[in-house]
1. Under unit Cβ charges (Lys, Arg +1; Asp, Glu -1), what dipole magnitude, rounded to 20 debye, does the range 207-282 have relative to its Cα centre?
2. Might you report the magnitude of the Cβ-based charge dipole of the chain about its Cα centre, with Lys and Arg at +1 and Asp and Glu at -1, to the nearest 20 debye?
3. From the helices alone, meaning DSSP H stretches of at least four residues, give me the mean residue ellipticity at 222 nm for the chain, per-run term -39500 (n - 2.57), in deg cm²/dmol to the nearest 500.
4. Provide the FRET efficiency to the nearest 0.05 for the E243-A15 pair, computing r from the beta carbons and using R0 = 30 Å.
5. Taking 0.36 nm per residue of separation and subtracting the Cα-Cα distance, what length does fully extending S182 through S287 add?
6. Please check the chain for the longest run free of trypsin sites (Lys or Arg not before Pro) that are loop-located per DSSP (anything but H, G, I, E, B) and have at most 14 other Cβ atoms within 10 Å.
7. Points 7 angstrom from Cα along the Cβ direction at A4 and D40: gap in nanometres?
8. From a point 7 Å beyond the Cα of H196 in the direction of its Cβ, which residues of the range 215-251 have a backbone N at a distance under 12 Å?
Amino acid sequence: MENADTIDEILAGDALARVAADLRRLVRPAIRVHNRETSDDSIPVGVSKIGGLPDLPPHVPYPYPDGATVSMVQQSRLPADPGVPLSFIAQIRLADSAGLIEDSPLPDSGLLSFFYNDFYQGQVLFTADDEPMIRRTEPKNAQVYTTYSALFEPMLLPAFVETCHINDPRWEGRGFLPGTVSLTRDEWDLYAEWTHSEYIANVDHLLGYSQDAQPYAMENSYQSFRPLLFPDLPDWDKLSWEEKHREHEGNLLLLQIEPKDHPMHFGRGGAVYFFMRRADLLNRDFSKAWAWSQ
């Protein structure tokens, strides 16, 4: 499995011996998405791909800002133009990823379609295998990206620094959520350098952890979307550190798409992240997914 030897090597060293067992427990399986440029004309409807035009059932409307799962326009400098559709990011034929990692929370069948714009508006649509699909024509004002075929490979990802799992020791006591594992400054420097190295480069992937352009992508996005997606939950500011941490640990990355190998670019860092609560994913409630860029 990709990255397994590298993770074993760094955690076997003396420098991280004190926390190696704790860090190893945080390692998660993920599915790397390799891509190769192609065209919609050369691939059939319903296959896994990044970019191009989406394949959707005829009765499903093309996603626009006013139909996005949650509107975050109020947090943006400029309002989204309601006449500009969300950009189609990718579609994943789940049979392609089935069986690659043990106990995957993803469905074994169906198609997941991902849409986003740069105003924190996203939508994830699920289409069952027995639903007929057609390739959509290009909507007016749409941003259509180059088409890339998608191939999948299992990988392992360590927890990254500046997350709820591993906080920067310089920030302790300054209002930041304590990490699952507490590192000394020397341990943090070594671990941060390694996780940001070419061994764990930013790549397109499903599950695992987000590889953040800036700290706390999952944590900050969840706190922004939480009152909109989950209004029945108690006030965040009234929760204890332990309760906040428990909620964050119930969230997961659904998909990350990087600008490294294709021309999509969102926010300042370029990547787009789709997150969900694990419970919602297991219940196949994709209306509870949220999207983010940094």
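No value in this document is a laboratory result; all are computed from the given coordinates. Just so it is clear, the structure is predicted and the values come from calculations on it, not from any experiment. As a convention, Cβ positions derive from the backbone with ideal geometry for all residues, glycine included, and neighbour counts pool all protein chains shown.
1. Computed about the Cα centre, the dipole is about 160 debye.
2. Details: 25 positive and 44 negative charges, 142 e Å.
Approximately 680 debye in magnitude.
3. Working: 7 runs with 57 residues, N = 294.
My calculation for the chain gives -5000 deg cm²/dmol from helical runs alone.
4. Details: r = 33 Å, r/R0 = 1.11.
The value I calculate is 0.35.
5. Numbers: separation 105, 0.36 × 105 = 37.80 nm, distance 3.47 nm.
Separation in residues times 0.36 nm, less the Cα-Cα distance, equals 34.3 nm.
6. Working: sites that count: R18, R77, K140, R174, K260, R268, R284.
By the stated rule (loop sites, at most 14 other Cβ atoms within 10 Å), 175-259.
7. Label-label distance for A4 and D40, simple model: 3.9 nm.
8. 215
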